[in-house]
1. Against the condition crowded, with 17+ Cβ neighbours inside 10 Å and within 16 Å of RNA strand B (Cβ to nearest atom), how does A:I541 come out, does it pass?
2. Every residue in segment A:459-479 that is open to solvent by 30 Å² or more (accessible area, probe 1.4 Å), in contact with a strand residue (DSSP E or B) (Cβ under 8 Å, 6 or more places away or on another chain) and modelled with pLDDT of 95 or more, please.
3. Looking at A:A656, is it touching a helix residue (DSSP H, G or I) at 6+ places or on another chain (Cβ under 9 Å), away from RNA strand B (no atom under 14 Å from the Cβ) and open to solvent by less than 10 Å² (accessible area, probe 1.4 Å)?
4. Of all residues being out of contact with any Ser or Thr (no Cβ under 9 Å at 6 or more places or on another chain) and open to solvent by 30 Å² or more (accessible area, probe 1.4 Å) in segment A:254-280, which is farthest from A:E184 (Cα to Cα)? Just the residue, please.
5. If you go through segment A:410-437, how many residues are buried (at least 18 other Cβ atoms within 10 Å of the Cβ), of a type in the set (D, E, K, R) and away from RNA strand B (no atom under 16 Å from the Cβ)?
6. In segment A:12-48, what count of residues is obtained for those that are surrounded by fewer than 23 Cβ atoms within 10 Å (Cβ to Cβ) and over 23 Å from A:L510 (Cα atoms)?
7. Are any of the residues in segment A:516-529 in a helix (DSSP H, G or I), among the hydrophobic types (A, V, I, L, M, F, W, C) and more than 30 Å from A:V583 (Cβ to Cβ)?
Amino acid sequence: MQEKYDPQEVERAVQAQWEKTGASRVVEDAGKPKYYCLSMFPYPSGKLHMGHVRNYTIGDVLARFYSMRGFNVLQPMGWDAFGMPAENAAIQNGVPPAKWTYANIDAMKAQLKRLGFAIDWEREFATCEPDYYRWEQWLFTRLFERGIVYKRLGTVNWDPVDQTVLANEQVIDGCGWRSGAPVEKREIPMYYMKITAYADELLDDLKKLDGWPEQVRLMQKNWIGKSFGCEVGFPYDAASVGAEGVLKVFTTRPDTLMGATYVAVAAEHPLATAAAADDSALREFIEECKRGGVAEADVATAEKKGMPTGLYVLHPLNGEKLPIWVANYVLMAYGEGAVMAVPAHDERDFAFAEKYGIEIRTVIASPTGAYTEATAPWAPAYAEHGVCVNSGKYDGLCFDDACDAIAADLAARGLGAKRAQFRLRDWGISRQRYWGTPIPIVHCDACGDVPVPDEQLPVVLPENVEVTGSGSPLARMPEFYECACPQCGRPARRETDTMDTFVESSWYFLRYCCPDNDTAMVDDRVTYWCKGGIDQYVGGIEHAILHLLYSRFWTKLMRDAGLFGDFRLSEPFAQLLTQGMVVAPTFYRKAPEGKTEWFNPSDIELECDARGRPVAAKLVADAQPVQIGGIEKMSKSRNNGVDPQALIDEYGADTARLFVMFASPPDQSLEWSDAGVEGAYRFLKRLWRMVHEHVSEPHVPAYSGGALTPELKEFRYLLHQTIGKVADDYARRKQFNTAIAAVMELLNACAKIGDGGETARAVRQEALEAAVRMLYPIVPHICETLLAELCPKGAAVRPSFPDVDTDALARDEIELVLQVDGKLRGHLRVPASADKAAIEEAALLSEAAQRYLNGKPPRKLIVVPGRLVNVVP
RNA sequence: GCCCCGAUGGCGGAAUUGGUAGACGCACUGGACUCAAAAUCCAGCGCCGCAAGGCGUGCCAGUUCGACCCUGGCUCGGGGCACCA
């Protein structure tokens, strides 16, 4: 055995061995329990960043642990290859998106291999390959025929200078990121998927996902946002509107209906358009509402503005004329694009009414009497449930009774009924971009929208295109869009929009089971690997809502398309581990034209105050100052990703893996710092040295019984306690930093065992073997090597996880904490078998208790078995 | 603005079910080895105090024999908000 730990050489040799034996290759095996361990696949941005290292190490640790426990483990990897950065690279450097993407995949795959993950690379694919997306197109046509996919208008960000649709990320302070021009909202036809038809199931099934973090389930529940209330119809005031009709709104507070003093509609609402026809000021206001992007955060934080239309509706219960306002806070996409406003009992309506001098009418009193009278000027709106006042026949009714009574009266007039409402909206999947899956639809003047028939699939995305950043390249390629109608054969136009990349990431995990199937989307192998759900999914918490919700939805769509046969998979992910983000500081400079340039932390020199807080920063290259931004998730757009390659080059993959796992528990966000890498490396060197010293003497079999000194007995207690703790950390808690710490403690204790004779060496053999096996999932290269040295005969055998020897855990005496009045005052050694009375007696006799009791009996005596005794004087 | 999460020494973090706050590691300090340095090993290391002891888990209140942990109210930081992935 080499005396010195040389990670580069160890890792090269071990990886070559794994490669040779196909150690990570896996096939279906009915004789073994399966464990499908999935990590979220990366976008091929070019280089791995620390978030990837963390994510894939967590996955690999679990995969290897379950493998050691005898499971048939599948750990696949692929590439979420479509998306905007490839187009941006094309615009900047003129490289075709496909070429750029495949080059990035090669680079990142090499990095993943260097890290030694037990990935079955035979199953790898990229979502930009026609063999993959053809099945997505195929299912799309089925869903289109069933009406799950439909077309309607949707609102997008429009850059009037670049004449192009912008992603929310490309809108900065209301302006296009390249042109700097103010962005406008524009309505265009788009394809939607009816996720709202599955809203109830998506909500109900959350209850079954007990392997998911509560936090994620809660976020999804709130996102789906099922609320109960009432639909209310406000008949048009025919004299002002000039037409018959009913304005529909939804409210969760029908009990406040008698306090409604106006209604508000979105700028795009037909009533707003009608009123603006002969009102230039209103037209101008509606134009103003169209300025700015569509992102909800921007809309919700914008100043609330409105304008009266001069039109009226009639209150459905008392016939009173209520003005119709256009308001920028009402969104056409939600519900009916109109709301009823009750300023006295809704904070937003209150602020709006105060600003524009609209009547505020109190109709709810606090049940405790705190808000009883309609007295102006009002304090902030009383938005709690209460009792109806100033509401005629409804006076005195509580929330539930008022809702029932008002809903019944509305129903009697045909102007409303109780119903549920979802916040969830249908999923718009059309993108006016090049680098995505072509939407398989042909537009024919005679036949309308015709899905591409199976025999013409896939609709292949042409790869050699010119990307300019203005408009969609496909829309400039007649050779792509000119086609014959599949139905009537006449000249027709192929759809040039592509699909949202979330579609590809909604089912890739199923395709890993059967990537080579060229006659079906999925097959029986999915049943083997996905029965009961994918056993473990690991990925960033930033995907808690969209990606995970879309994947759940898409799985249900595939189920309902009959693709899973009798197996009928409904929920794809049984266990979910949401990794906390690796965050890093951001640095930028703003150019005069408003463009922002972001600088990588590695190119920055920081100046800190006495307490170590950064106060100023400058770019090393030009020594000029840069602005310090927030500490954000590592991303390409903020250029704050830290490249792990330098770490791997200097210390090796095992140190990188150990350090990242030791730094914090997986679900916690981690501010990147490489302080402490040395410590991880030092630990591996120490482990190597301890094994080297041990094996340089003749081999002894691991301890298997016989008399022990008290010291060795105590050490074996620690050893087996540690094995149990570490196994629990891997399997249940998924907290690897404490598993590592426990093994460190064990080895610290191991180093302190007196050299002793044969027995001590046997115990040390047992401990070192166990420690190396416990660490194997985290640092597999060094452990593979050390295990071969420790058990020369078993070198070829796949390593197993050590078992707990329960005999070693038996104790004669235990130590209890002695508290007086809840404060630590000493310890108590008692026989392990001592009962409550014996413990109480020992506690009262203790020096500490005597000192504080002054001979008086205690007021209380609390014994927590196995832990402590508290004497309350 | 709305939804979710977090805050513990100089730093990363531990305390698993309300029961010893600070495990493990980093940094630092002292010592050993060395011509010297590196590496390694040993010891110390929350704050105040000579000590006894007191204080201490973002802030303010509360529940409890006992609170980092539970409840209410804040502050700050992070994530998501439907076209970043």
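1. yes
2. The answer is A:V460, and nothing else.
3. yes
4. A:D278
5. Total meeting the criteria: 0.
6. The total comes to 13.
7. Yes: one or more hits.
Residue by residue, here is whether (1) in contact with a strand residue (DSSP E or B) (Cβ under 6 Å, 6 or more places away or on another chain); (2) modelled with pLDDT under 95; (3) more than 13 Å from RNA strand B (Cβ to nearest atom) holds:
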position: A:A277; (1), (2), (3): no, yes, yes
position: A:E303; (1), (2), (3): no, yes, no
position: A:K321; (1), (2), (3): yes, no, yes
position: A:Y334; (1), (2), (3): no, yes, no
position: A:R348; (1), (2), (3): no, yes, no
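The values are calculated or read from the model by the stated rules, or taken from the named source; none is laboratory data. As the structure is a computational prediction, the values presented were derived from the model and not from experiment. Ideal geometry is used to build each Cβ from the backbone, glycine not excepted, and the neighbour counts take in all protein chains shown. Note: accessible area is taken over every heavy atom of the protein model, side chains too, but ligands, DNA and RNA are not part of it. Shrake-Rupley method; radii C 1.70, N 1.55, O 1.52, S 1.80 Å.
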